[in-house]
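The values are calculated or read from the model by the stated rules, or taken from the named source; none is laboratory data. None of the values given here were measured: they were computed from a predicted structure. Every residue, glycine as well, gets a Cβ built from its backbone with ideal geometry; the counts of neighbours run over all protein chains shown. Side chains are part of the model used for accessible areas, which takes the heavy atoms of the whole protein and leaves out ligands, DNA and RNA. Shrake-Rupley method; radii C 1.70, N 1.55, O 1.52, S 1.80 Å.
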Amino acid sequence: MQWKTKTLGEFIIENQAEFQYSTGELSKLINAIRLAAKVVNHEVNKAGLIDILGAAGETNVQGESQQKLDVLANEKFIQALENREIVCGIASEEETDFITVNSLDENHQNKYVVLIDPLDGSSNIDVNVSVGTIFSIYRRLTPSGSPVTLEDFLQPGINQVAAGYIIYGTSTMLVYTTGHGVNGFTLNPAIGTFYLSHPNMQFPDTGRIYSVNEGNYIHFPQGVKDYIKYCQMEEGDRPYTSRYIGSLVSDFHRNLIKGGIYMYPKSSLNSNGKLRLLYECNPMALLAEQAGGKASDGHRRILEIQPGELHERVPFFCGSPRMVEKAEEFMGRYP
Ligand code: P6P
């Protein structure tokens, strides 16, 4: 087997120049995420062995019961990002408000804000199914020298300077983009090093996998129902295969490699769907587009949506471009 020789560290250095305004800041940001990813990976992998499973007894701003690993992952990523002297603010699914990072920089010269879903798919933790971390990085809009404001976080996804995810699966991978394509790195746990294993990841133009929680079928808009029936119909390369893990990072990652569409539509139960725009849909949408895929709310490009609040939700359709277009076509019949 050809050993994957290029490490994440070497890759970052080689591509440093691609990161706008970079004075080594990309390295610091991705290194912070790399460190936290290794720590969380270690905890996730041993979760079954120590009493870290189960709810932490608290609920987060979403009203969801927090798993202990949620809390731990949130703490580890925030700690890693706070200690790097280039982040002025952090927003997290697990934090009601954004966190202002002063650290040693009393003059607030740090330029970047980071938004994270520290442990996506956490409902799968106790049943040993893959979970993931999602991150999104912007340059602040407000002037350096002043404390970060909500405006710095409420930016459209097209402004992201970097985005990615870590998937804690049968192997642990870091997949990210800085706007120059998508690259995947696999962790060798024996030595704690990420190796470039999936260079220049691309969505297949179309696919035969659709991912949606069909338990909500009767609550979906008619266009979504029609598209699901289209996927199931025997015609041409159909019926497609239904694969739904209940973990966005895992479903996205499989569809990125094999081709497919992930859908979390609005419904009569969730008028804006379930997924959060800022730290789930925007980073995954940037990755999707950078990998030749598409991401919309069924009608609008995700990356062009102007956020109104930190934890807002949007319907989400993402994956192989031809499949997203077909889903949008069905939904366009019911404006
Ligand atoms: P449902 C996990 O909670 C998550 O945010 C995504 O990772 C996942 O795809 C979705 O929600 C699952 O939601 O309602 O189908 O259980």
Heavy atoms only, 1.4 Å probe, whole protein assembly: order TYR217, TYR195, TYR138 by accessible area, highest first.
TYR217, TYR195, TYR138
Cβ-Cβ FRET estimate between HIS219 and VAL39, R0 fixed at 30 Å, reported to 0.05
0.15
Restricting to Cα pairs under 8 Å and 6 or more apart, the percent relative contact order of the chain works out to 15
If amide hydrogens are placed 1.01 Å from N in the peptide plane, which non-local residues have theirs closer than 5 Å to the one on GLY298?
PHE317
Could you please report the charge total around GLY181, scoring K, R as +1 and D, E as -1 over all other residues with beta-carbon less than 12 angstrom from its beta-carbon?
-2
Rounded to 10°, Cα long-axis angle of helix 321-332 versus longest principal axis of the chain:
60
Under 20 Å Cα to Cα from LYS46, which lysines show up? Leave out anything in the same chain fewer than 8 places away.
LYS38, LYS68, LYS76
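Enter the mean projected area of the convex hull around the alpha-carbon atoms of the chain, in nm², rounded to one decimal.
17.5
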Fully extended, how many nm does the chain gain between VAL129 and ALA17 (0.36 nm per residue separation, minus their Cα-Cα distance)?
36.6 nm
Distant-in-sequence amide H partners of THR172 (H built 1.01 Å from N, under 5 Å):
LEU187
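Expressed as a fraction of 2.2 N^0.38 Å, the rule-of-thumb size for a compact globular protein of N residues, what is the C-alpha radius of gyration of region 253-321?
That works out to 1.04 for region 253-321.
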Heads up, region 184-310 by the C-alpha gyration tensor (a ≥ b ≥ c square roots of eigenvalues; a/c under 1.5 rounded, else a/b over b/c prolate, else oblate) looks oblate
When Lys and Arg each count +1 and Asp and Glu each count -1, what net charge do the other residues less than 12 Å away from HIS253, Cβ to Cβ, add up to?
+1
Would you grab the residues whose amide H sits under 5 Å from the one on ILE305? Only those 5+ places off in sequence or on another chain, please, with H modelled 1.01 Å from N.
GLY157
Going by accessible area, probe 1.4 Å, with all protein chains left in place, what is the ranking of ARG254, ARG333, largest first?
ARG333, ARG254
Probe 1.4 Å, all protein chains present, accessible-area order of ASP126, ASP226, ASP251, largest first
ASP126, ASP226, ASP251
